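To start, the structure itself, in structure tokens.
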Amino acid sequence: MIKYILIIAAAFGAYKFFFSSEGLIKSNMSEIHSSEYKFKITFPDEPREKSEIIDLPNYGKFKTVSYFVRKPELVCGIVISDYLDADEVTGDIYDQIDVAKRNLLNRYGSSINSEEFISVGGVSGYQFDVTTKDSKLLRMQIFKYMSNSYNLSCQYENSDDHKGQMNEFMDSFELI
């Protein structure tokens, strides 16, 4: 009899975990850890990966690697640009900020709601919060670290649940 009670209790606990909103969110989390690109981050679901090598005259070769999760209500991703011909990313953070602003406004948007300098593990970066043309919210963070440039972005519907998932994604980013 005790055996059956324990089985029922375990089944009930598993049911509560997998069918509660917290259990569903946590059970789908997927961590990417890259010693090659010196970062780790946790996605709200299993991300897809894409990479390509680009050769730009006057800039040299660089490899872009992107990881992203695309859902109707939430799109999160990170793009790493590895400057293969340089030990350090050329230019400063202001060069990246200017390019990011132009791209954000041209591609997504109606308005930049806020922007500020941020830091992750002692590495300076920059963050934008944007309202898109279709009234979604977008957060973008950019960092430069050694020979890599990191661009994190998350576009989400304006709800507490989606904002929480975006914050978990952004807060999980670490440079290693």
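Measuring with a 1.4 Å probe in the full set of protein chains, what accessible area per residue, in whole Å², belongs to segment 56-159?
On a per-residue basis, 53 Å².
So, by mean Cβ neighbours within 10 angstrom, what's the order for 110-123, 145-158 with the highest one leading?
Per-residue mean Cβ counts within 10 Å order the peptides as 145-158, 110-123.
Sequence gap at least 6, Cα distance under 8 Å: using those rules, report the relative contact order of segment 58-168 to the nearest whole percent.
Relative CO of segment 58-168 lands at 26 percent.
Multiply the residue gap between ASP95 and VAL75 by 0.36 nm, knock off their C-alpha separation, and tell me the result in nm, one decimal place.
Stretched fully, the ASP95-VAL75 segment lengthens by 4.7 nm.
Given the Cα-Cα distance of LEU105 and LYS50 and 0.36 nm per residue of separation, how much length would full extension add, in nm?
Contour length minus Cα-Cα distance gives 17.4 nm.
Test of the criteria: in segment 118-148, which trypsin sites (Lys or Arg not before Pro) are in a DSSP loop and have at most 13 other Cβ atoms within 10 angstrom of their Cβ?
Filter output for segment 118-148: LYS133.
Within segment 45-106, report the GluC sites (Glu not before Pro) that DSSP leaves as loop and that have at most 13 other Cβ atoms within 10 Å.
Passing both the DSSP loop test and the Cβ count: GLU73, GLU88.
Got a sec to turn the phi values of segment 62-73 into Karplus ³J(HN,Hα) couplings, 6.51 cos²θ - 1.76 cosθ + 1.60 with θ = phi - 60°, whole Hz, x for Gly and Pro?
The phi angles translate into 8, 10, 10, 10, 10, 10, 8, 10, 10, 10, x, 9 Hz.
The values are calculated or read from the model by the stated rules, or taken from the named source; none is laboratory data. Because the structure is predicted, anything quoted here is derived from the model rather than measured. Because the Cβ atoms are built from the backbone with ideal geometry, glycine has one as well, and the counts that use them run over all protein chains shown. Accessible surface is based on the protein model in full, side chains and every heavy atom, while ligands, DNA and RNA are left aside. Shrake-Rupley method; radii C 1.70, N 1.55, O 1.52, S 1.80 Å.
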